[in-house]
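Have a look at this one.
The values are calculated or read from the model by the stated rules, or taken from the named source; none is laboratory data. Nothing here was measured: the structure is a model prediction, and the numbers come from that model. Cβ placement follows ideal geometry from the backbone for every residue including glycine, while neighbour counts extend to all protein chains displayed. Note: areas computed on protein heavy atoms with side chains; ligands, DNA, RNA excluded. Shrake-Rupley method; radii C 1.70, N 1.55, O 1.52, S 1.80 Å.
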Amino acid sequence: MNDFSSEPVRPAAAVLADFAANLAFDDLPPRVVDLARDCLIDAVACAIFGKDFAWSRMVLDEALASGSGGPCMVPGLPGHRFHLPQAALVLGTFAHSFELDSLRKPGAGVHPGATVALPALAAAQSAGASGRALLASIVAGCEVMFRIGAATMHTPEKRGFHAPGLTGPFGSAAACGKLLGLTSAQLANAFGIAGSLSGGLLAFARAGRGGMVKRLHLGRAAESGVLAARLAGRGYEGPDTVLEGEFGLLDTFCEATDPDQLTRGLGETWEIERLCLKSYACHVTAQAPIHALRERMDADGFTGGDIASIRLAVAPKVISHHAQRAPRDVMGAQYSVPYALAIAAVVDPVNPKVFSERSLQDPKVRDLAQRIELVEREGVAKGWGADLAIQLRDGRETAATAETFPGCPETPLSRSGLRAKFEALTIGLEPGRGKHLFDILFDIADTRNVAELHI
């Protein structure tokens, strides 16, 4: 395999396009293949679980109104077929509809399940591609998108942009363009187009309402990548300086950047090894604190009602973006670290349905959320870790340090753990369907034509 990291004079979009277009399944280490498969499995489960929420049904109705009868099937929606752009929009929105979908650790403003794996699944159906081609495209999309996210240094959100809406079109374009047979030059143009289709504002995080729009950002990003790839395949052009050039993505959206990360280690190290699957239906910055709190509750034998207060030391971004103590919609509750932690103290957070309107209005949860103090973690500028100091009503004190949770790269889900999450999220399907679908996806590398699978 070529070393794509030694071509500094070429625009990064061209280097990344060469890599993605020429990446073959046989180039991939077994661990990388497994991670691409796990990303797909997790994304399908998240989409199936997310399909029935009101905000998902509205996007589905809009997609159906745009025309149906295409080659793409959406898991959990038997009887419906979609054209590729509509399938990507629906799948991306469904997957992100309840804060359950995958991301990268360390965080880089990327959601690979919603904006790479699922649009790639739809593109594979549209193209009649093999399971191996699908998995290679997921790896390509993740390698491109993760590097772009890392190069932004996660700073677009300091300006009020929702980062996955910026990075997602590139991941979708890389994966879908590869499956649609784009050349390196065409794929570079697709990236140039994707940059102009990037967007998404964090206004919902400040307004305390209107959180539905966050779900749409990922569907729109997945759809935009498809549009970029298809237009590039027709000869449409975009600037190859779209990433690091003047007025490009890094220059326009970011407060600080590291352009070297765009191609550093490309073809040698695998960014997909940073894949992270969530444990709970809330923002990733709440995952480790929730996991640590529940461990302390089990070990020390106390309940949420026994907690007098919690002092949570976290990274500055948690305080600036995820500290709402009185959210007005479910999205706001899921986005808030103190509120999500309060929910997890009162009810078992393993069940995603506890992040609900009922919890939003629960006086016990609302009261505890007011007694969770957030302070900056000493010497820590970013990250998902936290230090918990818990004061109980009987005068006892306990503490915990949280750096990881099941699903992180350093504490990955086992096959049985992945299956358990999949079956829990697909429990609404007909009996046995979730188990069967998991088995189909787990063995997808052996599939000759993804379009022939009944997903």
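I'd like to compare 176-189, 355-368: which one has the highest average count of other Cβ atoms within 10 Å, and what's the full order after that?
My ranking of the peptides, most packed first, is 176-189, 355-368.
Still on this structure, please answer the following. Rounded, prolate or oblate for segment 211-268? Axes are the square roots of the Cα gyration tensor eigenvalues, ordered a ≥ b ≥ c, and the cut-off for rounded is a/c under 1.5.
Note, shape of segment 211-268 comes out oblate.
Which number do you get for Rg(Cα) / (2.2 N^0.38 Å) in segment 327-402?
Cα Rg divided by the expected 2.2 N^0.38 Å: 1.17.
Related question: If you keep only loop residues by DSSP, which trypsin sites (Lys or Arg not before Pro) in segment 183-237 have at most 16 other Cβ atoms within 10 Å of their Cβ?
Passing sites in segment 183-237 are ARG209, ARG234.
Sticking with this one: Which whole-Hz ³J(HN,Hα) couplings does segment 47-60 yield from phi under the Karplus relation 6.51 cos²θ - 1.76 cosθ + 1.60, θ = phi - 60°, glycine and proline marked x?
5, 5, 5, x, 5, 9, 6, 4, 5, 6, 5, 5, 5, 4
Largest first, how would HIS154, HIS111 line up by accessible area (1.4 Å probe)?
Ranked list, largest accessible area first: HIS154, HIS111.
Another question about this same structure. With contacts defined as alpha carbon pairs under 8 Å and 6 or more residues apart, what's the relative contact order of segment 296-455 in percent?
Value for segment 296-455: 25 percent.
Turning to a different aspect of this structure: In terms of modelled amide H atoms, which long-range or inter-chain residues lie less than 5 Å from the amide H of SER309?
Hits under the 5 Å cutoff: GLN391.
Which whole-Hz ³J(HN,Hα) couplings does segment 138-154 yield from phi under the Karplus relation 6.51 cos²θ - 1.76 cosθ + 1.60, θ = phi - 60°, glycine and proline marked x?
5, 4, 4, x, 5, 4, 5, 5, 4, 5, 5, x, 4, 5, 6, 6, 6
Can you give the translational diffusion coefficient of segment 342-455 in µm²/s, computed by Stokes-Einstein from the Kirkwood radius over Cα pairs at 37 °C and 0.692 mPa s?
Using the Kirkwood radius from Cα pairs, D works out to 180 µm²/s.
Tell me whether segment 32-145 comes out rounded, prolate or oblate; compute the Cα gyration tensor, take square roots of the eigenvalues as a ≥ b ≥ c, and use a/c under 1.5 as the rounded threshold.
oblate
Going by a ≥ b ≥ c, the root eigenvalues of the Cα gyration tensor, does segment 281-374 fall in the rounded group (a/c under 1.5), the prolate group (a/b larger than b/c) or the oblate group?
Verdict is rounded for segment 281-374.
Which of the peptides 132-138, 310-316 is most tightly packed, and how do the rest follow, judged by the mean count of other Cβ atoms within 10 Å per residue?
By packing density, highest mean first, the sequence is 132-138, 310-316.
Using θ = phi - 60° and the Karplus form 6.51 cos²θ - 1.76 cosθ + 1.60, what ³J(HN,Hα) does each residue of segment 155-166 get, whole Hz, x for Gly and Pro?
9, x, 6, 5, 8, x, 8, 8, 3, x, x, 8
Hey, what does the equivalent ellipsoid look like for the chain, semi-axes from the Cα gyration tensor as sqrt of 5 times each eigenvalue, largest first, whole Å?
For the chain, the ellipsoid semi-axes come out as 35, 25, 20 Å.
What residues qualify as long-range amide H neighbours of LEU266, i.e. H under 5 Å apart, gap of 5 or more or another chain, H built at 1.01 Å from N?
Under 5 Å from the amide H of LEU266 lie the amide H atoms of SER5, each far enough along the sequence or on another chain.
Take the alpha-carbon centre of segment 361-438, take the same for segment 168-186, and report the distance between them in whole Å.
Going from one Cα centre to the other spans 34 Å.
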